[in-house]
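The values are calculated or read from the model by the stated rules, or taken from the named source; none is laboratory data. Note that this is a predicted model, so its numbers are computed, not measured. All Cβ positions, even for glycine, are placed from backbone atoms using ideal geometry, and neighbour counts span all protein chains on display.
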Amino acid sequence: ATPTALLVGTGRGASLGILIKGPEILESTRRIDTVVLDKTGTLTAGRMTVDTVFGPDEVLIYAGAVEQGSEHPIAQAIVDSARTVHPTAPDPDGVDRNWEVTDFQAAAGGGVSGVVRLPHSGVDMGARVLVGRPAWLAEQGVSTDRVDLRQIVADAEADGATAIAVAWAGQWQGVITLRDQLKDTSATAVREFRDLGLSPVLLTGDNRGAALAAAQEAGITEDNVYAQVLPADKVSVVRDLQAQGRTVAMVGDGVNDAAALAVADLGLAMGTGTDVAMQASDITLVRGDLRAAATAIRLSRDTLRIIK
Ligand code: ADP
Ligand code: MG
C-alpha cells in the first residue's frame, strides 16, 4: 500500500475526531463484516438514573455509601440519588457526615461491597453491604428467597430496566431499579453500519430485558443480542464470531470491554470512556459518537480504494 495515502487517511480521520493509532490499522478494516457494540456508555448515554427504590430508607443510603468507590454508571446514579434523597450536608463545624466505607471490594460484572459506618455518630453497622446483580449476590451467599423482591426484579427487567439488589447482614433487603437512554445518534449509526454491509451485534453485561429494549430501539435484531455476559466472557463472544469466519470490529468504553477490544480485528473505543479501553483499541472516537465508527470504516475503505 502507498504510505502517503494511508497517512492522508489518518489525517482526515483526526480532523473528524477519529484518532487512528497507526496508518497500518486502516488495512485491517478491509474485511470487517460484523460490528459488536457494548451497550452501557457505547449505545446508551451511560448516564443511568435511579427509577425506583424498594425497601427501607437504608437501602439507598447504604448502597450510595458503598457505590462511592465505583466508577460504574450504575454507581454514579445510585450515589447521585442517595445524595439527593438523603442529603448529608456538612455540619457547621465542617464535618462531613457522609457514610464511610471500609474494605471496599468490586467484582467486575457483578457488583460492589463494603463495610459501612457513620464515623462521627458512633454508629457502626459493622456489617458488609452488598450492591449488585441479584445473581451475583446469590453467589456471595445472600439468601434470595424473597418472593416479593424477586418479582420486582423480574418485572423491572421485563420492562427494560436494570435491577440492582442490596443486601446486608446476609439478607436481601431491597432493590434499586435504574434506566439508561440510547444516545440520539445510536439508531442512525446502526443504520449506517447496515448500509456499509456490516452486521450489528449487541454485547452487554446487563440483563436480557434491558439489552432487548436497547437493541430494539437501536434497530438490532433479537438474534444478535448477547446479554448477561461477564467481562471475561466478552472476549469469548468475539472469538466465537471470529471462529465462525467473521471479521469483527468491536466498539466499547469500559474496563470490562478492554480484553474484547484487544482481541477484535479492529477495536474502537469511545473517547468519553475509560483510559483502559482506549489503550486496548486501534481507534478512539473522540466525541463518543457511534456514527464516527461508521465514518472510520467508510474512511478507511475509501482510502484503500485510492491506493488500489
Ligand atoms: P455493561 O456491559 O452493560 O457495561 P457490566 O459488565 O459493567 O455491564 O456490568 C454488568 C452488570 O453487573 C450490571 O448490569 C450490574 O448488574 C452489575 N454491576 C456491575 N458493576 C456494578 C456496580 N458498581 N454496582 C452495582 N452493580 C454492578
Ligand atoms: Mg460500557
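Of the residues R239, R298, which is part of a helix (DSSP H, G or I), farther than 20 Å from R194 by Cβ and away from ligand 2 (no atom under 16 Å from the Cβ)?
R239
Assess whether L268 counts as being more than 11 Å from ligand 2 (Cβ to nearest atom), of a type in the set (A, V, I, L, M, F, W, C), in a helix (DSSP H, G or I) and within 18 Å of F193 (Cβ to Cβ). Outline the logic, then answer.
Working: more than 11 Å from ligand 2 (Cβ to nearest atom): yes; of a type in the set (A, V, I, L, M, F, W, C): yes; in a helix (DSSP H, G or I): no; within 18 Å of F193 (Cβ to Cβ): yes.
Criteria not met by L268.
For region 207-215, indicate whether the set of residues that are of a type in the set (G, A, S), within 12 Å of ligand 1 (Cβ to nearest atom) and under 26 Å from I18 (Cα atoms) is non-empty.
Yes, the conditions are met somewhere in region 207-215.
Given the criteria at pLDDT 95 or above and either away from ligand 1 (no atom under 13 Å from the Cβ) or closer than 18 Å to L203 by Cα (or both), does G288 qualify? Before the answer, list the steps.
Details: at pLDDT 95 or above: no; either away from ligand 1 (no atom under 13 Å from the Cβ) or closer than 18 Å to L203 by Cα (or both): yes.
No: the conditions fail for G288.
Which count do you get for residues in region 261-276 that are under 21 Å from E24 (Cβ atoms) and within 11 Å of ligand 1 (Cβ to nearest atom)?
Of the residues in region 261-276, 0 are under 21 Å from E24 (Cβ atoms) and within 11 Å of ligand 1 (Cβ to nearest atom).
Limited to region 124-154, what total is found for residues that are more than 16 Å from ligand 1 (Cβ to nearest atom) and among the charged types (D, E, K, R)?
Summing the residues that are more than 16 Å from ligand 1 (Cβ to nearest atom) and among the charged types (D, E, K, R) in region 124-154 gives 4.
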